[in-house]
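Structure first, commentary second.
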Amino acid sequence: MESALAYAGLRRRDNAMGEDLEKLKQRLPLLEYLRQRNWSGRPARQGSEFVGLCPLHPETRPSFYVNARKNLFYCHGCGQGGDLIRFVELSQRLSFPQSLAYLQQQSAPAGAAGALERAASFYQRQLLRHPEALRYLEQRGVHDPALIEELRLGYAPGGNLRRHLTDQGYSLESLQRAGLVNPQGCDAFYRRVVLPCCQDRQVVNLYGRSIGAAFPHRFLPGPKGGLFAWESVCQFSTVILVEGPLDLAVLWQAGFRNATCTFGTHLTPFQFHQLSERPDRLVYIVFDQDENHSGQRAARPLARRLAGAGVTARLVQLPAGQDPNSYFVAGAAATDFAGCLQRVQAL
Ligand SMILES: [Zn+2]
């Protein structure tokens, strides 16, 4: 067929193209790009060919052919043809490098949320390959594989995320914007157990818990999102509020599925709003009983604020020096924790 011959002359350009260009074109096939821009082509005689009106010049009879298998176009009306990049050069009147930059932007998964989601999935896979991370979770009393999967717990060994995501087409700048890669170009998380923080089921941040000597708690820049797993916890009229995700993990493991965590002792206005949206709610605050009393210092004013919003709040005392995680790691059972809830302090 004539158009097939016309495509053949355009192959030279493909040979000169680097691997990056090939990847870009695979990620964003020409036909898909055109359809996203409302080009409607009907199947032509050959199976993988489509024909429609040419977007590059005015016409009434379709002469614009797209070969989906070869990822090339050719117009018998204006004589133009080529690949996706050529099409962008012609249709947007951009230079070759400008077209490339434009397409890289177009084909990147939407914004930082996409990068965070992919980072979370990548870290999940890493967890199973790093015994030191699984050992750490085991030491922190988290051993149920189904729970590890459900919480999307992962591990950042450090040094391999940037490469993984740039291979998927993310630019270094976009990874730096998302905070996944630091200004020096290194992965932000190094030897940390990682857990995604979500809002409206979208990953908005990652929490990283150091398994080594580094500062224990870290977030990426940006908001930490709402209360953890609030989509499921909000259905309970009684809620257990803890500081950290490892506290939450042992509570869920012990059957307290109404536990949520704030990622710290300070609630964001949004988290406070979530807790107080139901006035009939009872909130058990189980912050750390650590030596500097920061958890307890924060718990009391929070309980008063919640009471002010019409929510019943109770302060739960664990044995001295314990947080919910260490309490269970030290051997407490669900009944012991339930006992602590029963011995709550009213305000
Ligand atoms: Zn044309």
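Bear in mind that the values in this text are calculations on the coordinates, not laboratory data. Note that the structure is predicted; figures quoted are calculated from it, not measured. In this analysis, Cβ positions are derived from the backbone assuming ideal geometry, glycine residues included, and neighbour counts consider all displayed protein chains.
Among beta bridges from DSSP that stay inside the chain, the antiparallel ones total about 70%. Each Lys and Arg Cβ is given +1 and each Asp and Glu Cβ -1; about its Cα centre, the chain then shows a dipole of about 640 debye. Simple point charges give the picture: +1 on the Cβ of Lys and Arg, -1 on the Cβ of Asp and Glu, and for segment 231-347 a dipole about the Cα centre of about 420 debye. Ordering E32, E132 from the fewest to the most neighbouring beta carbons within 10 Å gives E132, E32. Note on A213/R297: beta-carbon distance plugged into 1/(1 + (r/R0)^6) with R0 of 30 Å gives a FRET efficiency of 0.70. Segment 275-327 and segment 155-229 have Cα centres spaced 28 Å apart. Between F270 and A309, residue separation times 0.36 nm minus the direct Cα-Cα distance comes to 12.7 nm.
Between F96 and E59, what is the label-point separation in nm under the 7 Å Cα-to-beta-carbon projection? Here the answer is 2.6 nm between the modelled labels. Candidate cross-link partners of K70 among the lysines, defined by an alpha-carbon separation under 28 Å and a same-chain spacing of 8 or more, comprise K23, K25.
If the segment from E173 to R42 were pulled out straight at 0.36 nm per residue, it would be longer than the present Cα-Cα gap by 43.2 nm. Using 0.36 nm per residue and subtracting the Cα-Cα separation, the extra length available between D280 and R163 on full extension is 37.2 nm. Placing a pseudo-label 7 Å from each Cα along the Cα-to-Cβ vector at Q202 and A320 gives an inter-label distance of 4.9 nm. Each of S99, S210 was scored by other Cβ atoms within 10 Å of its Cβ. Arranged with the fewest first, they read S210, S99. By the helix-only formula, in which each DSSP H run with n ≥ 4 contributes -39500 (n - 2.57) and the sum is divided by residues, the chain has a 222 nm mean residue ellipticity of -11500 deg cm²/dmol.
Scoring 251-261, 58-68, 141-151 by mean Cβ neighbours within 10 Å over their residues and listing the highest first yields 251-261, 58-68, 141-151. Between N71, N325, N182, the residue with the greatest mean-square fluctuation in the GNM of the chain (Cα pairs under 10 Å linked by springs) is N71. Ranked for footprinting exposure by Cβ neighbours inside 10 Å, fewest first, F270, F328 give F270, F328.
Is segment 198-334 best put as rounded, prolate or oblate by its Cα gyration tensor, with a ≥ b ≥ c the root eigenvalues, rounded for a/c under 1.5, and otherwise prolate when a/b is larger than b/c, oblate when not?
Note, shape of segment 198-334 comes out rounded.
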